[in-house]
Each structure stands twice: as structure tokens, then as C-alpha cells.
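Just so it is clear, none of the values below were taken in a lab; they were calculated from the coordinates. None of the values given here were measured: they were computed from a predicted structure. Reconstructed Cβ throughout: ideal geometry from the backbone, glycine too, with neighbour counts over all protein chains shown.
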Amino acid sequence: MKPEPIDFDAQELDSAVAEILSHPFDQAAAARVQQRALQIPLNENKVQLAQSQQTLSNRWARLGSIAASLAATILLVAWLTSGPTSNALAQVVEHVMKIRTLQFAFKMNFSDRYTQSGTVMIRDEVVRFEQSVGDQSLVSLINSKSREALIIDPIRKIVQKSDLNNLRGVENINPIAELIAAKDKSVKSLGSDRIDGKPVSTYSIRGLRVLGIVGDTEMTLWVDTESQLPIKIEMLDSDPKSKTRITFDQFQWNAELPVERFAMTVPDGYQPGTVLVEPSRQNDKQPTTTQDLSKGILLAGRVPSRIDVDQERGILTALIRDQENTKEHWPNELRQWNLATGELRWQASVGGAGDLAVCHAKDLLVVVQGQEIQLRKLSTGETIKTWASENLLGEVALSEDGTRLAHGYTQWSRPAGSAPTAGGIEIWNIATGKLEQHIQGLDRVDSVEFSPSGELLLVCSSSGTSRLYKSSTGELEYSFASYFATVSPDGKRLAMVSPKPTINKTQPSVDLVDLETKVVLKRLTTLAGSTNSYLLSLSFSKDGKQLVAGDWNGTVSVWDTVDGQLLPSPKPLPAGVHRVRFTNSREVAIGCENATLRLQPIGN
Amino acid sequence: MNTEDEPDWGSIVQLHSSRVFRVSQRILGSVQDAEDVSQDVFIEAYRLHRAGPIQSWIGLLVRLATLRSLDFRRRKRRTVELNEHQCAIDSDPAMNLIKSELAQRLQMALSQLPDQQATVFVMSYYEQMTRDEIADSLGITSESVSTSLYKARQRLSQSLLPTHREHR
């Protein structure tokens with residue numbers, strides 16, 4: 001469930017915005033801006049060496065770590081093959097432009113923090129990039145003409161198709177400033193040298209501001225005096241603190257490169273999925289988390305965005321991530337604790353996983369990560385199997401008998417309404433790994449949940465409509481106006497955020513509805529928050545006699561569902577509550593955006 | 001560099017120049033400054049346009065307009081603070097003056113926000129873009145948009161409170 005913007009009680013802010021929006025729009029000035037902008041190309045028609053670098057360094061910003069390395073390679077090749085650079089290098093460029101295939105090795109050291117190395121092969125417009133990962137190679141194929149990319153993970157037999165432009169992830173690299181600062185580059189001859197006994201001419205190009213490197217980048221080029229082709233190239237960040245160095249060597253010009261290696265097709269035995277490989281970070285500290293059970297804090301330091309409690313076994317499993325405003329994001333993790341002792345039972349890195357679901361009876365846990373579904377053992381975290389959907393997955397649910405899995409997906413709208421937001425649900429048979437149902441034509445999907453019998457599937461959407469489907473046929477059973485709901489353990493009641501307007505936006509109601517008659521049995525009012533409400537979590541106790549709600553405004557409300565009374569509830573938290581689950585009838589676990597997972601007593 | 005899918009520069013300018021200028025003007029409160037910043041934004045955008053296809057022109061241009069306007073405002077901060085002080089002394093308790101000062105304070109407070117929060121706030125409030133449109137334009141998740149907006153509003157509300165109360 002994604003939080004919506006919450007209206008603060010901030011009249012001043014609204015007044016200030018209204019005042020700013022009321023200022024007249026100066027049409028004449030806007031016309032002048034347009035006129036000047038249209039003339040920019042006329043003033044920017046200088047042909048510089050920097051152009052090809054701009055192209056590629058811009059791409060660099062969009063690419064993930066794998067493709068980013070590749071971009072550096074393309075940069076090199078483009079630079080080598082781009083139009084007139086300088087008289088000193090004209091002959092080298094002339095030779096390079098006659099080359100049909102090329103293979104070379106690369107090694108990139110980034111600030112002593114991590115290293116990437118591998119081999120690059122180029123044939124026509126396709127670049128094959130092999131990045132060493134342990135004793136295997138992660139392969140990326142990129143067709144620079146069609147801009148298609150294929151990333152192949154030989155370890156897990158996964159293939160990810162992509163558009164070159166859609167590969168991104170180096171959020172912290174901002175080449176824009178470097179692009180603006182790009183100036184004419186001068187090539188300097190450094191004289192003669194020898195590499196591996198071969199006489200070479202050495203050149204230096206300074207002032208390159210590429211690859212997101214802070215400070216000027218210097219490229220040094222060693223050219224074989226006999227063949228007039230480069231045999232080594234080094235790019236070095238001139239900032240001594242950065243210690244960033246990229247080396248290209250072992251060049252094989254016009255190498256014998258079989259065409260099959262450049263085929264942009266899915267190899268036999270591979271399945272579509274999301275390839276996730278992080279460069280190894282040697283000296284970085286892992287995010288620090290702490291625990292203080294005396295204060296009921298099971299975890300502090302990362303955000304527990306999803307929680308599951310197995311009351312029978314006394315274990316709590318959480319999906320944790322960094323806070324949104326953290327500069328550097330680490331892979332999300334699954335962690336499981338013993339509730340009685342606070343002892344960490346296991347933990348596993350799950351990259352960008354967004355949701356988890358469990359089946360206690362069958363000891364199963366599912367996480368979705370990109371397009372991939374990972375089925376694990378709940379008790380150990382060990383991966384049992386993985387498979388992939390064609391859609392980018394969102395929320396996930398497991399049936400109570402552990403035979404089926406449902407997940408939602410949302411395809412986000414495009415600007416200017418060219419394509420509206422659309423969503424759907426896929427239901428998979430876990431044993432066979434086959435898709436059983438595909439419900440399409442929904443709007444965004446924010447939560448999915450099987451009813452206890454598995455007969456129904458509850459699908460909620462923050463667009464304001466939730467629906468119950470027959471899970472076996474995908475037939476719509478019941479649709480109701482609410483952005484979030486949950487089914488009681490006996491399968492007879494529905495707790496849903498009330499669609500009725502409330503007097504105070506900080507204090508919404510939750511309706512208990514009889515699923516058979518659709519009659520509202522009880523209307524439960526939440527604790528008042530200091531800001532407007534957005535309920536992200538509703539959960540019944542195991543016996544169905546209590547209900548707990550967690551709100552993005554920081555409140556946690558607990559009710560007795562028999563008499564509808566609000567029970568003594570935990571103190572409001574300073575940030576949004578993602579999930580609340582009962583650990584027993586007198587305690588709840590609360591996952592909060594302030595990076596805490598708390599165990600809080602409830603009731604008298 | 002143009003590709004088949006990439007619009008030509010003229011279309012980009014005609015489609016988005018008003019928006020760029022409007023965003024800058026709302027952040028800076030000055031037509032002259034907004035013109036200067038808009039010009040810089042388009043120069044920067046043109047270089048990116050030549051460098052390769054842009055995923056979302058709205059996202060890029062609003063982001064650039066927001067950040068460059070805030071940079072401009074930060075550079076002029078000393079002057080603005082002096083003006084603001086002057087305004088506080090001379091201000092009339094009439095509501096229009098209070099609103100005017102609030103607007104100035106909001107423009108100041110905006111420049112104190114982290115880039116993403118400021119951009120999301122501008123897109124949402126000044127450009128009336130939906131959460132999904134913002135997420136799509138900036139290439140971030142909707143949840144991230146919500147969080148940024150939540151924090152931006154919280155900080156901006158806090159920044160605006162004290163001055164307003166002085167006038168009550």
C-alpha cells in the first residue's frame with residue numbers, strides 16, 4: 001500500500017501557495033524565453049570532441065552499475081571512432097575506424113570501495129560486456145542501434161530484456177554539471193614509452209568531465225607506434241581523494257569474434273527475470289541497526305516496511321529497507337527474530353524487494369523483487385525456487401494452504417494522460433509454477449489478500465475501490481468503495497476503511513462489514529492524529545476479537561471488535577506506520593517509517 | 001542527437017517554455033530573474049538533448065527549472081533576507097501583506113529543502129501534477145513522491161508558522 005500525500009493542518013502553507021499561484025503570468029516574458037530558447041541551436045553549433053563524450057556520459061547517468069561500466073566502454077570506443085579530434089591523434093583515429101571487431105579488458109576501481117572488471121567485445125553495433133562476478137561472468141548485450149539491451153545472469157539462468165534508456169540506477173551520479181562544464185579538450189603528447197617491450201607513443205587528454213567522476217578526468221593513451229593502434233588507455237580522476245581509475249588494456253583489434261556471441265536472443269534454458277548484481281563493496285560499512293528490548297525496540301536503524309508474525313512459533317519476519325531520505329541505499333533485507341528472546345534467527349539480502357507474504361502452515365515465505373517471485377522457507381530463509389512474471393510486481397499474497405500465490409502489478413500512467421494507470425492480478429500455482437488466473441483491466445493495485453478459505457481474493461486500490469474476486473475463476477464477487485480492507489480470520493467479516501466522510505480528517509473510521517449480507521456491523525473510530533489520516537495497515541488478532549490499524553499519521557488504534565470499543569493503544573509515533581501485527585492478544589509489533597520495529601503492549 | 005522517437009528542439013521549446021518560465025517565476029518571484037534562469041535551463045536542456053534521448057521532458061525541465069531557480073535564490077539569499085527583514089518591519093497587518101510575506105517566506109523556505117523534496121513540491125503544488133505523473137517524470141516511485149511531499153510540506157509548514165503568528 002503506498003502512502004498518499006497527507007494534508008497537514010497548514011493554513012499558512014496553503015495561503016502562501018495560493019498567493020504565489022495568484023501572481024499574474026507574464027506572457028511577454030514567456031515569449032522572450034521561448035524565442036531565446038529556439039535560438040540556442042544556432043549558438044551551439046560548435047563541433048567538439050566533447051560531443052561524443054556528452055552523449056555517452058549522459059547515458060552513463062541512466063545506467064545501472066553493469067550498464068554504466070559498459071557506457072564507459074562505449075565512451076571509449078566512440079571517442080576513438082568519433083570525428084576529428086586533433087592532429088596528433090588523427091592517424092590513430094584513421095586506423096581505429098578501419099577496425100571491424102574489437103576485444104579488450106577493463107578494470108574499474110571506484111574510490112577503493114569497489115572494483116569491476118571484465119571483458120568487452122564489439123562487433124558492428126552490438127557490444128558484449130562480460131562483467132566478472134565471482135568465477136562467473138554476467139553478460140550484457142547492447143545493440144547501440146536499436147537501443148535494446150539483454151542482461152544475462154548465467155548463475156541463476158535469468159535473462160532481463162531492457163531498453164538501453166530504461167536502465168538506470170546510478171542515482172547518486174549526476175553528470176549534468178560535468179556536461180555543462182565540458183570545454184574544448186586539448187591533446188598533449190607525453191612522448192615515447194615502452195609497454196611489454198613494444199614502443200609506444202603516449203598522449204594525455206585533460207579536462208574530461210565524464211563518468212560522473214568528481215573533478216577533472218584525465219585520459220592517458222598509449223599507442224603502438226608500429227600499428228598506430230591504442231594498446232592501453234587509462235582514465236583517472238584528478239581528484240586525489242577519489243582514487244577512481246579505469247583501465248582498458250589487452251586490446252585485440254579485428255579479433256575473431258563469433259557472431260553467435262552477439263545474438264540478442266534468450267539462450268536455451270533461461271527464463272525472464274530481473275538481474276540484480278551489485279558491485280562488491282570492499283570497505284563500506286553495512287547499515288547499522290540496533291536493538292533495545294527494554295524499550296520494546298526489536299530493531300532500530302532501518303525501516304520495517306512489511307511484517308509477519310507467526311504466533312504459534314513465536315517468530316517475527318520483516319522486510320526492511322532504508323529510509324526514503326537516506327543518501328545511499330543498501331539492498332533490502334529479510335530478517336527473522338525470535339519474539340521471546342529478540343534473537344535474530346536469520347537474515348537475507350533481497351535487493352529491491354517490495355513485499356512479502358507467508359504461509360505459516362507450509363513454512364513458506366514469498367518475496368517479489370522486480371519481475372521475480374522468490375519462494376523461500378519461512379523457518380530458514382532458504383530459497384526454494386524462483387520464477388518470473390512479465391510484469392513488474394507489486395503486492396503479494398499466499399493462500400493459507402500454501403498452494404497458490406497472487407500478486408498485483410501496476411503500470412503507471414504516462415504524463416499528459418497518453419496512457420492511464422492500469423493494473424492487474426496474477427494468480428500462480430506454486431507447485432507447477434504456472435499462471436492460473438490473470439485478472440486485467442484494474443486500476444492501480446495496492447494490496448492483495450486471500451480469504452482464509454482461499455476462495456476469495458481481496459484486491460485493494462488507493463484509487464478508492466476495492467474488490468473481491470473468486471480466486472479460482474477470476475470472477476468479480478463484490479466491489480466496494482474503500483482504499484484498504486482486510487478479511488477476518490473466520491472469513492465472515494471485512495474490516496475496511498470507511499468510505500463515509502468523517503468530520504475530522506485526522507480521525508477516520510473503520511467499518512466492520514458482514515461479508516455475506518454486506519451490512520455494516522460496527523463503525524470503529526480511530527485515534528485522532530496530528531495530521532490527516534492514511535491507513536496503511538489493518539490486522540485482526542488471531543481469534544478475530546481485536547483489530548489493529550496503523551496510520552501514516554503515526555497513530556496505532558486497537559479495538560475490541562465485539563463491542564466496537566477503542567482499547568488503550570500505543571502512543572502515536574513520530575512518523576508513518578507501515579504495518580502493525582498482533583504478536584499475542586496483549587501486544588502488537590509496529591513497523592514505522594522512523595526506522596523502528598517496536599513491540600508495544602495494548603489493552604488494559 | 002536526434003532519434004526517431006525524440007522530438008525536435010523546436011517542439012520541445014514550444015511545448016514547455018511557458019512551464020519552465022512559470023516555475024522559475026513562482027520560485028523567484030521576479031520576472032527578470034525567471035527569464036535569466038529559464039534561459040540557463042534551456043541551454044542546459046539543449047546540451048542534454050544533443051547528448052541523447054530524454055525520457056521525460058516535463059520531468060527534466062521542471063526539475064532543472066526548480067533546481068536552477070533555487071540555486072539562483074540561494075546565491076541571492078543575503079539580499080533576500082535583508083528585503084525580508086525590511087518587509088517585516090514595514091508590513092501592514094492587512095491580510096494582503098501577510099499573504100505577500102507568506103509567499104516570500106515560502107519561496108525562501110523552498111530553497112532550504114533537499115532537491116528532491118523541492119522538485120516534488122513544485123511539481124505538485126505549482127504545476128498541479130498528480131503523484132503518478134511526478135513519479136513517472138522523475139523516475140522515482142510513487143511512495144517516494146508521497147514521502148518527499150509529506151516531508152516538504154511538514155518542513156515548509158514549520159517554516160511558515162512563526163512569522164504568520166507574529167502578525168496575529
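Table for the structure above
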read-out: Sparse-neighbour loop sites [GluC sites (Glu not before Pro); region A:366-415; at most 13 other C-beta within 10 Å; DSSP]; value: A:382, A:390
read-out: Backbone HN-Hα couplings from phi across region A:440-449 [Karplus 6.51/-1.76/1.60, Hz, Gly and Pro as x]; value: 10, x, 8, 8, 4, 10, 10, 7, 9, 7
read-out: Estimated distance in nm for a label pair at residue A:255 and residue A:190, the labels positioned 7 Å out from Cα along Cα-to-Cβ; value: 2.4 nm
read-out: Shielding by other protein chains, B:14-25, mean Cβ within 10 Å; value: 4
read-out: Residues whose placed amide H lies under 5 Å from that of residue A:395, excluding near-sequence neighbours; value: A:408
read-out: Evaluated over region A:532-604, the Cα radius of gyration and Dmax, each in Å; value: 11.0, 34
read-out: In sequence order, calculated HN-Hα J values of region A:377-392 (Karplus, 6.51, -1.76, 1.60; Hz; x Gly/Pro); value: 7, 4, 6, 10, x, 5, 6, 8, 7, 9, 8, 10, 9, 7, 10, 7
read-out: Over 19 Å between alpha carbons, listed pairs A:385/A:470; A:492/A:545; A:198/A:232; value: A:385/A:470
read-out: Full-extension gain in nm, residue A:525 to residue A:431, via 0.36 nm per residue minus C-alpha separation; value: 29.6 nm
read-out: Calculated from backbone phi, Karplus (6.51, -1.76, 1.60) coupling profile of region A:250-265 in Hz, x at Gly/Pro; value: 6, 5, 10, 7, 6, 6, 6, 10, x, 4, 4, 5, 10, 6, 8, 10
read-out: Amide H within-cut-off set for residue A:430, under 5 Å, with H built and near neighbours excluded; value: A:404, A:405
read-out: Mean Cβ count within 10 Å, highest first, over the residues of peptides A:305-311, A:546-552, A:472-478; value: A:546-552, A:305-311, A:472-478
read-out: Peptide-level mean, for B:140-146, of C-beta atoms on other protein chains within 10 Å; value: 6
read-out: Region A:458-604 - percent relative contact order, Cα under 8 Å, separation 6 or more; value: 13 percent
read-out: Extension reserve of the residue A:117-residue A:291 stretch, reckoned as 0.36 nm per residue once the Cα distance is removed; value: 58.8 nm
read-out: From the C-alpha gyration tensor of region A:467-604, square roots of 5λ in Å; value: 24, 16, 15
read-out: Mean Cβ count within 10 Å, highest first, over the residues of peptides B:29-35, B:104-110, A:438-444, A:191-197; value: B:104-110, B:29-35, A:438-444, A:191-197
read-out: Additional length obtainable on full extension of the chain from residue A:349 to residue A:542, 0.36 nm per residue less Cα span; value: 66.5 nm
read-out: Computed label-point distance, nm, for sites residue A:401 and residue A:312 using a 7 Å Cα→Cβ extension; value: 1.6 nm
read-out: Inter-chain shielding of B:37-47 (mean C-beta neighbours from other protein chains, 10 Å cut-off); value: 5
read-out: Residue A:245 paired with residue A:411, simple spin-label distance in nm, labels 7 Å along Cα-to-beta-carbon; value: 4.9 nm
read-out: Sequence-distant residues sharing a close amide H with residue A:231 (under 5 Å, placed H); value: A:222, A:223, A:224
